[in-house]
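Participant: Handing you a structure now.
Coordinate-derived values only; no laboratory data. What you are looking at is a predicted structure, and each value in this text was computed from that prediction instead of being measured. So basically every Cβ, Gly included, is an ideal-geometry build from the backbone, and we count neighbours across all protein chains shown.
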Amino acid sequence: MLRGFEGMCRLLLPIRILAVLMALLVQPALAQPLPVSAPARLAAVDAASLPADAQAAIAASIAAWTRLGALPGGRWLLVNIPAFEISLMDGPRKLASWRAIIGKPKTPTPIFTGSTSAVILNPWWDVPASIVAESVGRMVARRPQEAARKGYVRQGDHYRQAPGPDNQLGQMKLEFHNAHSIGIHDTPSRALFARDRRALSHGCIRVDDPLGFAAALLGPPTSRDSLATLVATNRSTQRLPLPAAMPVIVGYFTADVGDDGRLRLHEDIYRRAAAGAHGSGSESGACAA
């Protein structure tokens, strides 16, 4: 039956996509108990029977984890760019995951490490110069009423957007310390999270269920509902410190193993694996979150 299915697929699908699909069909679950850490799970996969693309993805992802060195202890955040996913970790264990939007291939999200220390509710957006040149500066100059309605303010050569329903950071952003001016934040365009392929931003990382995400980072007694009430009843910008600063790893792993023991393969969205740059990168973002 599998051979018949494979024959039908060859008529309809490109070979690269077919290889990934067949790998998912034939990959058995790993023996229980599963290794805890992501690299250990990948190393436990019997890759010999898998297509070459799957083997390459596993090898490149293990190499990317190896280059990171020792993983943080305690709670930290992992962004996996090809998976369009951000996860809250505790040591090697994944506590929860959320869908993410990452940079377009023309404005890719870089690979880097940073840290976050607070949740910012009702944030202002400092518009980066590239986006001012692309659209916002022209709007402010030519359509000032529209710009004012959307909350844009010009202060000399500096452009900002006030908190509100049109704010490009949405209701929440993280106070995120990194060398690339990349942000992790909400978005007013929530419908985009329904897409499977979510390489849609200028490089920043947008997170689904932003208040639930923020509540998970802040911990009890904070909840999604309590944050929603705070946002609705106090429109000013508010800074809520995390219990402790939290490391953030933004990585590029085209293979991982889920809690069910199944191998997951992700599209090499930026062609980094093909270029031999899997797990490294130096691009700068244009988000200024």
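Participant: Please list the equivalent ellipsoid semi-axes of the stretch 85-182, computed as the square roots of five times the alpha-carbon gyration tensor eigenvalues, in descending order and whole angstrom.
Facilitator: Listed largest to smallest, the semi-axes of the stretch 85-182 are 30, 15, 12 Å.
Participant: OK, next. Using the Cα gyration tensor of the stretch 155-251, with a ≥ b ≥ c the square roots of its eigenvalues, what is the shape: rounded (a/c below 1.5), prolate (a/b larger than b/c) or oblate (neither)?
Facilitator: Rounded, since a/c falls under 1.5.
Participant: Shifting gears a bit: Note down the nm distance, to one decimal, between modelled labels 7 Å out along Cα→Cβ at Q145 and at W124.
Facilitator: 2.7
Participant: Here's another thing I want to ask about it. Between V257 and residues 5 or more places away or on another chain, which pairs have amide H atoms under 5 Å apart, with H built 1.01 Å from N, and which residues are they?
Facilitator: R264
Participant: Would you list E267, E85 from fewest to most Cβ contacts within 10 Å?
Facilitator: E267, E85
Participant: Highest mean first, what order results for 133-141, 210-218 on Cβ atoms within 10 Å?
Facilitator: For the peptides 133-141, 210-218, the packing ranking is 210-218, 133-141.
Participant: Skipping prolines and chain starts, which residues have an amide H placed within reach, meaning under 5 Å, of the one on R75, given they are 5 or more residues away or on another chain?
Facilitator: G91
Participant: For T237 and A44, compute 0.36 nm times the residue count separating them, minus their Cα-Cα distance, and round to one decimal in nm.
Facilitator: The span from T237 to A44 would gain 64.8 nm if fully extended.
Participant: Measure off 7 Å from each Cα along the Cα-to-Cβ vector at A194 and D157, then give the distance between these two points in nanometres to one decimal.
Facilitator: Inter-label distance under the simple model: 4.3 nm.
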